[in-house]
Amino acid sequence: DATLNEGTVYYDVRFFALVPGNEKEHLRLILNIEAQNKYNPGYSLMKRAIYYGARLISSQYGTEFEGSSYQKIKKVYSIWICTDVPKNRKNTINHYRMTEHYMVGKAVEKPANYDLINIVMLCLGDQKKKKANRILRLFSKILLSEGNAIEKKRFLEEEYGIKMTSDLGQEVDTMCNLSEGIEQRGIEKGI
């Protein structure tokens, strides 16, 4: 996402999703998924997430809407999967969004007109905890676990009922080989 005055932002994964709605129109969302190794990279990760959300809104000009057709702005979700988190953040999921607060009187605006930026922080932790939230346990096991591809495939099948097709099995193999290669390079660098 490049702009003349604000530079370029490289999102990890950015895509559109259609959510079934009424018969006339589906709800179209813009999703950004970020994998973040360090929760404290020297600045507020939350401020970066808000910036990304704002850029996802402003980048819709000229593609989703033009001129003053602001009603066409699509809702954005920026989902951050954080692996190296402080102890007080482990095994947590936080959702941030705009809300309305009545200051004087009670004039009500439709949430669809202001609730446009949503940020979700998934902070991973101990994948061995059986009582951990299912989504946190899944991501922790897949991304943080030292297990090999066979163990991770078995975990996905047995605990989540995810059938291992040949395509999905190859994806898990690729992911595990990539992480093992990164770990090996780190070991070599350390030695």
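The values are calculated or read from the model by the stated rules, or taken from the named source; none is laboratory data. Given the structure is predicted, the values throughout are model-derived calculations rather than measurements. For neighbour counting, all protein chains shown are included, and Cβ atoms are generated from backbone atoms with ideal geometry for every residue, glycine included. To get the accessible areas, we keep the full protein, side chains included, count just its heavy atoms, and leave off ligands, DNA and RNA. Shrake-Rupley method; radii C 1.70, N 1.55, O 1.52, S 1.80 Å.
Does R137 fit the bill of being open to solvent by less than 40 Å² (accessible area, probe 1.4 Å) and either at pLDDT 90 or above or not in a helix (DSSP H, G or I) (or both)? Break it down into steps so the answer makes sense when it comes.
Numbers: open to solvent by less than 40 Å² (accessible area, probe 1.4 Å): yes; either at pLDDT 90 or above or not in a helix (DSSP H, G or I) (or both): no.
No.
Do you know which of the residues in the range 61-86 that are of a type in the set (S, T, N, Q) and assigned to a loop (DSSP other than H, G, I, E, B) is farthest from the chain's Cα centre (by Cα)?
S68
Identify, please: which residue in the range 112-130 is within 20 Å of P86 (Cα to Cα) and exposed (fewer than 15 other Cβ atoms within 10 Å of the Cβ) and is, among those, modelled with the highest pLDDT?
D126
Would you confirm whether or not the range 18-34 contains a residue that is open to solvent by less than 90 Å² (accessible area, probe 1.4 Å), among the charged types (D, E, K, R) and over 30 Å from F139 (Cα atoms)?
Looking through the range 18-34, none of the residues is open to solvent by less than 90 Å² (accessible area, probe 1.4 Å), among the charged types (D, E, K, R) and over 30 Å from F139 (Cα atoms).
Can you tell me which condition K72 does not meet? The list is (1) closer than 26 Å to L124 by Cβ; (2) among the basic types (K, R); (3) open to solvent by 30 Å² or more (accessible area, probe 1.4 Å), and all the others hold.
Single failed check for K72: (1).
K106 - would you say it is among the basic types (K, R) and either part of a strand (DSSP E or B) or exposed (fewer than 14 other Cβ atoms within 10 Å of the Cβ) (or both)? Break it down stepwise before answering.
On the way: among the basic types (K, R): yes; either part of a strand (DSSP E or B) or exposed (fewer than 14 other Cβ atoms within 10 Å of the Cβ) (or both): yes.
For K106, the condition - among the basic types (K, R) and either part of a strand (DSSP E or B) or exposed (fewer than 14 other Cβ atoms within 10 Å of the Cβ) (or both) - is met.
Quick check on my filter: what residues within the range 49-68 are of a type in the set (F, W, Y) and open to solvent by 30 Å² or more (accessible area, probe 1.4 Å)?
Those that are of a type in the set (F, W, Y) and open to solvent by 30 Å² or more (accessible area, probe 1.4 Å): Y51, Y61.
So, in the range 87-101, how many residues would count as being exposed (fewer than 10 other Cβ atoms within 10 Å of the Cβ) and in a loop (DSSP other than H, G, I, E, B)?
Matching residues across the range 87-101 total 2.
Residues that are open to solvent by less than 50 Å² (accessible area, probe 1.4 Å) and part of a helix (DSSP H, G or I): does the range 156-163 have at least one?
So far as the range 156-163 goes, yes, one or more of its residues are open to solvent by less than 50 Å² (accessible area, probe 1.4 Å) and part of a helix (DSSP H, G or I).
For the range 100-159, which residues satisfy the criterion of being among the aliphatic types (A, V, I, L, M) and within 24 Å of Y70 (Cα to Cα)?
Going residue by residue through the range 100-159, those that are among the aliphatic types (A, V, I, L, M) are 103-104, 107-108, 112, 116-117, 119-122, 124, 132, 135-136, 138, 142-144, 149-150, 156.
If the condition is that a residue be among the aliphatic types (A, V, I, L, M) and within 24 Å of Y70 (Cα to Cα), then A107, V108, A112, L116, I117, I119 are the ones that fit.
Can you tell me which of (1) surrounded by fewer than 18 Cβ atoms within 10 Å (Cβ to Cβ); (2) modelled with pLDDT under 85; (3) within 20 Å of L31 (Cβ to Cβ) is the one I142 doesn't meet?
(1)
For the range 160-171, how many residues meet the condition of being closer than 23 Å to N91 by Cβ and either at pLDDT below 85 or touching a Leu at 6+ places or on another chain (Cβ under 7 Å) (or both)?
Residues of the range 160-171 closer than 23 Å to N91 by Cβ: 160-162.
Now narrow it down to the ones that are either at pLDDT below 85 or touching a Leu at 6+ places or on another chain (Cβ under 7 Å) (or both): 160, 162.
Number satisfying all stated conditions: 2.
Among the numbered conditions (1) in a loop (DSSP other than H, G, I, E, B); (2) open to solvent by less than 80 Å² (accessible area, probe 1.4 Å), tell me where M46 comes up short.
Among (1) in a loop (DSSP other than H, G, I, E, B); (2) open to solvent by less than 80 Å² (accessible area, probe 1.4 Å), the lone unmet condition for M46 is (1).
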